[in-house]
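I have placed the structure first, in the form of structure tokens, so that the comments after it can refer back to it.
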Amino acid sequence: MAVEQTFSIIKPDATRRNLTGKINAKFEEAGLRIVAQKRIQMTKQQAEKFYEVHAARPFYGDLVSFMTSGPVVVQVLEGENAVARNREIMGATNPANADAGTIRKEFAESIEANSVHGSDSLENAKIEIAYFFAGTEIVG
Ligand code: RTP
Ligand code: MG
């Protein structure tokens, strides 16, 4: 196992309910370090580009609307096997299928308003981190 960095977003449903600290505690308790973090309002253009891979899916328009409906917290998480580890901590996309103790089981409202995003591969993590952060903003 190697130390990796992954990209995370605390989504608008979670910032709206003031859950940033509780979600960050889950990451830290699981051994991931928050090595960069900022609260932003995503623009429509930013969200469209970020989710471009889902452009043909029926939920794309709703997803872009949701992700721009309020502030998000973008983050870089670092730790052993961070990409896969973070996916475990988040739980399944649909909270109805998420394991007990996961962020989505505890906090998600629906398959769309599911509180967090996490990169699905190391390759995508690098692309997503570079999309939101300058190298000087990441302090390990
Ligand atoms: P994420 O990218 O946010 O970490 O989540 P994921 O890999 O678990 O899910 P993905 O398939 O990449 O979908 C991206 C986000 O789109 C929303 N979604 N809505 N209405 C629907 O059927 C549906 N399916 C997915 C969710 O917000 C999901 O996280
Ligand atoms: Mg995904």
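Computed from the coordinates by the stated procedures, all read-outs in this text should not be read as laboratory data. Here the structure is a predicted model, which is why all the values come from computation and not from measurement. Every residue, glycine among them, receives a Cβ derived from its backbone with ideal geometry; neighbour counts consider all protein chains shown.
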*GNM on the chain, C-alpha springs below 10 Å: top fluctuator among GLY31, GLY79, GLY118?*
GLY31
*Between beta-carbons, use under 12 Å as the cut-off and find the net charge around ALA2, counting Lys and Arg +1, Asp and Glu -1.*
-2
*Relative contact order for the chain: what is it in percent, counting Cα pairs under 8 Å that are at least 6 residues apart?*
38
*Net charge near GLY70: determine it from the other residues with C-beta under 12 Å of the C-beta of GLY70, scoring Lys and Arg +1 and Asp and Glu -1.*
+3
*asked:* What value in Å³ per residue do you get for the convex hull of the alpha-carbon atoms in segment 78-140?
replied: 100
_Cut-off under 5 Å, modelled amide H: who pairs with VAL116 long-range_ = LYS11
_I'd like the per residue volume of the convex hull spanned by the Cα atoms of segment 1-56, given in cubic angstrom._
125
*Just how large is the dipole of the chain about the Cα centre, in debye to the nearest 20, putting +1 at every Lys and Arg Cβ and -1 at every Asp and Glu Cβ?*
360
*asked:* Above 26 Å lies some portion of the pair distances; for the chain, what is it as a whole percent of all C-alpha pairs?
replied: 15
*What ³J(HN,Hα) values, in whole Hz, does the Karplus curve 6.51 cos²θ - 1.76 cosθ + 1.60 give for segment 70-85 when θ = phi - 60°, with x put for Gly and Pro?*
x, x, 10, 10, 9, 9, 10, 10, 10, x, 4, 6, 4, 4, 5, 4
